[in-house]
1. Going by the structure shown, is A49 crowded, with 20+ Cβ neighbours inside 10 Å, modelled with pLDDT of 95 or more and not assigned by TED's automatic domain parsing to the domain that holds N230?
2. Considering the stretch 374-406 alone, what residues qualify as being outside any loop (DSSP other than H, G, I, E, B), in the same structural domain as D248 (by TED's automatic domain parsing) and touching a strand residue (DSSP E or B) at 6+ places or on another chain (Cβ under 8 Å)?
3. Collect the residues in the stretch 181-209 that are small (G, A, S) and either over 30 Å from K315 (Cα atoms) or without any contact (Cβ under 8 Å) to a residue 60 or more places away in the chain (or both), keeping them in residue-number order.
4. Just a yes or no: is a residue in the stretch 326-347 over 29 Å from I311 (Cβ atoms), modelled with pLDDT of 95 or more, in a loop (DSSP other than H, G, I, E, B) and charged (D, E, K, R)?
5. Out of all the residues in the stretch 79-107, which are polar (S, T, N, Q) and either closer than 9 Å to A66 by Cβ or not in a loop (DSSP other than H, G, I, E, B) (or both)?
6. Find all pairs meeting these conditions: Cβ atoms under 6 angstrom apart; at least six residues apart or on different chains; first residue within the stretch 350-377 and in contact (Cβ under 8 Å) with a residue 40 or more places away in the chain; second residue among the basic types (K, R).
7. Any chance the stretch 162-180 includes a residue that's over 24 Å from F352 (Cα atoms), surrounded by 17 or more Cβ atoms within 10 Å (Cβ to Cβ) and either touching a residue at least 12 places away in the same chain (Cβ under 8 Å) or outside the structural domain of S51 (by TED's automatic domain parsing) (or both)?
8. On the given criteria, is E273 over 24 Å from the mean Cα position of the chain (by Cα) and more than 21 Å from R366 (Cβ to Cβ)?
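The values are calculated or read from the model by the stated rules, or taken from the named source; none is laboratory data. Model, not experiment: these values are computed from the prediction. Please note: Cβ atoms are built from the backbone with ideal geometry, for glycine as well, and neighbour counts cover all protein chains shown.
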Amino acid sequence: MSASFNRRHFVHTTAILTAAGTLRAAQKADSAETLRIGLVGCGGRGTGAASQALGAEYNGKLVAMADVDPKQIEGSINSLSQKFPDRVAVSPEMRFVGLDGYQKLLQSGVDVVLLASPPGFRPLHLQAAVDAGKHIFCEKPMAVDSVGYRMAMAAVEKAKQKRLNLVAGFCWRYSTSRKEAFSRVLGGDIGRLLSVYATYHTGPVKPMPSASVRPAGMADVEWQVRNWYNFSWLSGDSLVEQAVHSVDKICWAMGDKPPQNCIGTGGRQIAAEDGNIFDHFHAAYEWESGLICNMASRQIKGAQGHNQDIIRGEKGALVIGKGGAPFIEGEKRWRFRGEEKNMYDLEHEALFESIRKGGVLNDGDRMMLSTLVAIMGREAAYTGQLVSWEQMLKSTQDLAPDDLKWGDAFTPTPMPRPGVTKLV
C-alpha cells in the first residue's frame, strides 16, 4: 500500500503487463473457453459490476481482485460468492492490495478487466489495461481533469488499434426504452430541437464524515481515498461523478457533438470540515446552432428529489423520468411499452457477446466526450466564467499530484471560489 502512482509520467510497460496465455484481442472465444475476469475497485459499484458481468457471461469466472483495502476485497468476495458460489475463484495470491494492485492484476492472466476504482485513478488504469491487451468494462466518468481526459482518450485510440472491446458505464445508453426514445428524437419525430433541460437532484451520496472520526495517525492520502467522493482530485465533484449521466443524455440528444461554450454556477450550502466539492450546480451549454441545454444538479438533504430530461422540438417533446416509461407528446405521440430489461445487465451482455463473437465494441469516443463536457460544466461553475470547448481541449488542469504514496501528507486544491478560481 506504499506503492506510488503517477498519472502524468506514466511509464508504458506493455511487454511486462501482457501476460502469456490470455485471450487475444479480436479472437473469437470458444463457447467452452472460460473467460477470466479481474475486478479493480471492490466497493459497491465494483461489486455490482462484477455481479452483472458474471450474470451476463455464462462461462466466466472472477479470478482476481485489486483494491487499496483488503476488507473491501473480502466483503466483495463474500457478497458475490453467495450469488455465484461456483464462479468466484479468487485465491489469496490473486487478491492484490495497494495503489499498485491494478498492475499486479493485469499481470495475473485475466482476459477481461472491470475498472471501478475512484475516477481519479481511471485514466491510469484504463491506459494500463489497454497496454496489457485486455477487454474492458470502464465505469464512468473516465477522467476528472483535462490531463486525465487526454490520457484516457489516447488509451481509447490505442484500444481501437488493438481491436479491444471497451464498454462504458454510461448505462442509459444500453437501456431498451432510452435507446428507442433517442432513436425517435434523432430520427426527427419531434422535429428540429429547441432545448434540453436535465435535472439530477438527489440527497447527499457519500457525506463527508467529521474530522473527529479520523483515526489518529491516518495520513492525508489514505483519509482522502477512503472518503474519495468528497475530493475533486478523486471524484471530479458531484457533477462529474454522478450527474454525468444526465450530461451524457444531453450529448446523446445533440448527436454526440461537443458544445461551443458553457456558463455555470454552483457552490456549497452545507458546510463540511473537509473536502472540496460543491453540493449544487447549474450549467448552461450552448451549441454552435445557438441551442442551449440546461443541466441542474443538487445533493442536499431534505430538498426535493428530481431526475428528469425534457427534450423539446418544433413538433413535440420527449419526456424521460416522469411517470415511468419515456414518452413523446406532440404530433407523433409515443410511449415506450416494450420490455425494459436491466440496463446494467445489458451493457455487460453486450461486452461479453462481442468478445465471444470476436467482435469489437468500443464506446470510447462518446464516453470521453460526455466526460469532458461534464468537466467543462464544473469548471464554468468553479470559475464563474464562460468556458469554451477549445479552452477545455487546451487546458492543462491536473488535479491529482504525481508520486503520492498511501502514507503521504497532501493538501488538495481549496474549495473553488467563483470569480477567484481560474481555469488552468
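1. Judged against the criteria, A49 is a match.
2. M376, G377, R378, E379, A380, A381, Y382, V387, S388, W389
3. S183, G187, G188, G203
4. no
5. S79, S81, Q82, Q103
6. Matching pairs, first to second residue: G358/K28; V360/R163; N362/K160.
7. The answer is no, given that none of the residues of the stretch 162-180 is over 24 Å from F352 (Cα atoms), surrounded by 17 or more Cβ atoms within 10 Å (Cβ to Cβ) and either touching a residue at least 12 places away in the same chain (Cβ under 8 Å) or outside the structural domain of S51 (by TED's automatic domain parsing) (or both).
8. yes
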